[in-house]
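Only one structure is covered here, and it is reproduced in the block below.
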There are 6 protein chains.
Amino acid sequence: MLLVMTLIEYADASPDVREVYDDIMAARKTDYVNNFWKVLAHDPVTLRRTWNSIKEIMAPGALDALTKELIYLAVSVSNQCPYCIASHTASARKAGMSDAMFAEMMAVVGMANETNRLSSGYRVEIDERFK
Amino acid sequence: MLLVMTLIEYADASPDVREVYDDIMAARKTDYVNNFWKVLAHDPVTLRRTWNSIKEIMAPGALDALTKELIYLAVSVSNQCPYCIASHTASARKAGMSDAMFAEMMAVVGMANETNRLSSGYRVEIDERFK
Amino acid sequence: MLLVMTLIEYADASPDVREVYDDIMAARKTDYVNNFWKVLAHDPVTLRRTWNSIKEIMAPGALDALTKELIYLAVSVSNQCPYCIASHTASARKAGMSDAMFAEMMAVVGMANETNRLSSGYRVEIDERFK
Amino acid sequence: MLLVMTLIEYADASPDVREVYDDIMAARKTDYVNNFWKVLAHDPVTLRRTWNSIKEIMAPGALDALTKELIYLAVSVSNQCPYCIASHTASARKAGMSDAMFAEMMAVVGMANETNRLSSGYRVEIDERFK
Amino acid sequence: MLLVMTLIEYADASPDVREVYDDIMAARKTDYVNNFWKVLAHDPVTLRRTWNSIKEIMAPGALDALTKELIYLAVSVSNQCPYCIASHTASARKAGMSDAMFAEMMAVVGMANETNRLSSGYRVEIDERFK
Amino acid sequence: MLLVMTLIEYADASPDVREVYDDIMAARKTDYVNNFWKVLAHDPVTLRRTWNSIKEIMAPGALDALTKELIYLAVSVSNQCPYCIASHTASARKAGMSDAMFAEMMAVVGMANETNRLSSGYRVEIDERFK
């Protein structure tokens, strides 16, 4: 039994895992599958469900692809998830995030985390008009 | 000594608190100051610093006002802060967030929180190209 | 079976629960047992262990009682726990926390939450001298 | 004064620390004490209290040892605590967690983190029947 | 535009939303759809995806239904999500969680949250054998 | 465009960044600027705002410098932020935190995280007198 899950490379993957890898590469117009998926491949059901969900959620709609990537990265920063920060910084860059956009997103994340605690600690009641 | 901080209304506020209230209303083109500021007014130094920081951070720059509001709300949702969710839903609405944008932002926040835990629990190593 | 745990009042408590209630009231020089303990009393083993741990941890040592209460409250604010914020604001007040101390503690909690995210999102490497 | 706490090995430990180490090894039927305890040994009072609490909490009762380990690991994953994920993956494995169980636990943790944010952000009111 | 999302009752729901409601009631052998779904119905795509994911994840497999419910509830408690705690306490009860099981689960969640911080704050290095 | 922000050393810094560095070194009576600021320097506006806020917040007032450092560190431990734990352990040491103070602060942080979850999971109602 494994303590740490290894990377399942394309060559060693089962047909259903390969199918997901192929779809990831096609959707992202790349020949690279990042480690997250190669580890998740130990559970092909979760691999497929997670990929299908992300593909559905991240497709441009009322919000464009860059805005969605910025939100994904902002949440990952707020949760302090090292892998997600690294991989979603990369995907946000690919979607067009400039240095200035990154810096402004970071400033908003920092401030939101600060005022979230101020409002909780000061026990501020919700304004009638916000209810 | 107070267990719960009361709201400091404009009529009862000191001149330096009024100055911040005036600036909030001018910047937001409204005659309404929400409860967060009226409670924070118990500490005029924090009131002024927090307002000045938010005004600087939320001004349109490389990211427009709506994108910044969406990020602020996304972080507040991720942190599950009831007051901040209520007040920033209102301000994002004011900045142009539609029902569809709200729903898509929520879907991204939910998925980011899920994959943040998957990558941490599976102990996925950061890809060389993301370092 | 219960969805919500009721308060177990002294009059209805078993002897071992009463013994803990008595110790709480004696240690805190009060005749009041707050709701947290009256709900936890549904699990007498956890009630006793939790109270004994808190009594040991919160006793003055290298840090005085007020400093410990401020830290307890700061963490509860950071975690945005409504019950804990309410009850530990009360106990910090009792231990001598003034309005000014509360405001300064809150400012530190807010700022720490902000810079925690800035350092994580900017992926700052730990300085050699801090290792 | 120390910035980073060193490991206190058995040979260098005081009698009261050794007593806890001995009890850990006896309870776990192993001759290995993991780093967590060897660092916590810098504070013998916390070492003893923490160990006694864990021993009491993790003993089989209404829930068996494996279920308790799965819950412990699930919380550690949700909190994204690297040390705890590593050490509690090991102890859950020892208690009988298979690869399939790990994968299913992970899927639940991921989904709970997602729906927790959906319910908070959509501000869902608690159903009367759940109150 | 809405600040707070209303409940979409069956009678007012679109055919695709009704289809999900029907599936929820069939899978859970009940005629009750709880508020979470009735609010999520404002976004039928997220409603369907979330329900399908939960149905797949919570089906008995290597872990039985009760163990999965306990893990779901444990994570919701750890995240301090009021709605999720209320609704998943109810579903765990329905799956067979006794008062004693609830109390033991809670004790593990509390302890895991404590030791997660102890290991992070003491900066404990991961044991070679856990890597 | 950068995936990881480099350190901006004094020699390479713009005049406005140098001004902040100079102020940091003067306020802290040191010739060392730690990595956090050298990375934040990529966004001079955030660098200046963050430093000015921290300088204002951490100055002794109703709470002394050591108490503020202990609270800052306690929150960073609770948030499990590796960089912040490392850097604020160092600054708390500099402000006079002994090994015993560190250990007692850690015990309070651990316990607060435990009881925060117990009160949330047991759904304890706030006592009338704490409202």
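A compact table of results
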item	result
Test: F:Ser91 is of a type in the set (Ser, Thr, Tyr), surrounded by fewer than 22 Cβ atoms within 10 Å (Cβ to Cβ) and either under 10 Å from the mean Cα position of the chain (by Cα) or farther than 26 Å from A:Glu104 by Cα (or both)	yes
The stretch B:9-28, residues that are under 19 Å from A:Leu118 (Cα atoms), away from every other protein chain (no Cβ under 14 Å) and aliphatic (A, V, I, L, M)	B:Val20
Condition met for D:Asp31 (charged (D, E, K, R), without any contact (Cβ under 8 Å) to a residue 40 or more places away in the chain, more than 7 Å from every other protein chain (Cβ to nearest Cβ) and not in a helix (DSSP H, G or I))	yes
Residue, nearest to A:Leu47 (Cα to Cα), within the stretch D:107-120, restricted to residues that are small (Gly, Ala, Ser) and within 7 Å of chain E (Cβ to nearest Cβ)	D:Ala107
One residue from F:Arg117, F:Arg129 being part of a helix (DSSP H, G or I) and open to solvent by less than 40 Å² (accessible area, probe 1.4 Å)	F:Arg117
Filter pass, D:Arg28 being surrounded by fewer than 21 Cβ atoms within 10 Å (Cβ to Cβ), touching a helix residue (DSSP H, G or I) at 6+ places or on another chain (Cβ under 8 Å) and closer than 30 Å to F:Phe102 by Cβ	no
Boolean, F:Arg129 is within 11 Å of chain E (Cβ to nearest Cβ) and among the basic types (Lys, Arg)	no
First in the stretch C:4-25 and touching a residue at least 24 places away in the same chain (Cβ under 8 Å), second anywhere and open to solvent by 80 Å² or more (accessible area, probe 1.4 Å) and hydroxyl-bearing (Ser, Thr, Tyr), Cβ under 9 Å, 6 or more apart	C:Val17/C:Tyr10
Top-ranked residue of the stretch E:7-24 - restricted to ones that are of a type in the set (A, V, I, L, M, F, W, C) and in a loop (DSSP other than H, G, I, E, B), ranked as surrounded by the most Cβ atoms within 10 Å (Cβ to Cβ)	E:Ile8
Failed condition for E:Thr6, given (1) at the interface with another protein chain (Cβ under 10 Å from one of its Cβ atoms); (2) at negative phi	(1)
Residues (within 7 Å of another protein chain (Cβ to nearest Cβ) and touching a residue at least 12 places away in the same chain (Cβ under 8 Å)) located in the stretch E:69-83	E:Leu70, E:Tyr72, E:Ala74, E:Ser76, E:Val77, E:Ser78, E:Tyr83
Extreme residue, nearest to the other protein chains (Cβ to nearest Cβ), among residues of the stretch A:39-54 that are open to solvent by 30 Å² or more (accessible area, probe 1.4 Å) and within 17 Å of the chain's Cα centre (by Cα)	A:Asn52
Among residues of the stretch B:78-94, those that are under 25 Å from D:Leu73 (Cα atoms) and in a helix (DSSP H, G or I), counted	1
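Here is a yes/no grid of residues against (1) farther than 23 Å from A:Thr50 by Cβ; (2) in a helix (DSSP H, G or I); (3) away from chain D (no Cβ under 13 Å); (4) aromatic (Phe, Trp, Tyr):
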| residue | (1), (2), (3), (4) |
| --- | --- |
| B:Ile57 | yes, yes, yes, no |
| B:Ala62 | yes, no, yes, no |
| B:Thr67 | yes, yes, yes, no |
| B:Gly96 | yes, no, yes, no |
| B:Met105 | no, yes, no, no |
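The values are calculated or read from the model by the stated rules, or taken from the named source; none is laboratory data. Fair warning: this is a prediction, and the values are worked out from it, not measured in the lab. As a convention, Cβ positions derive from the backbone with ideal geometry for all residues, glycine included, and neighbour counts pool all protein chains shown. Heavy atoms of the whole protein, side chains included, go into the accessibility calculation; ligands, DNA and RNA do not. Shrake-Rupley method; radii C 1.70, N 1.55, O 1.52, S 1.80 Å.
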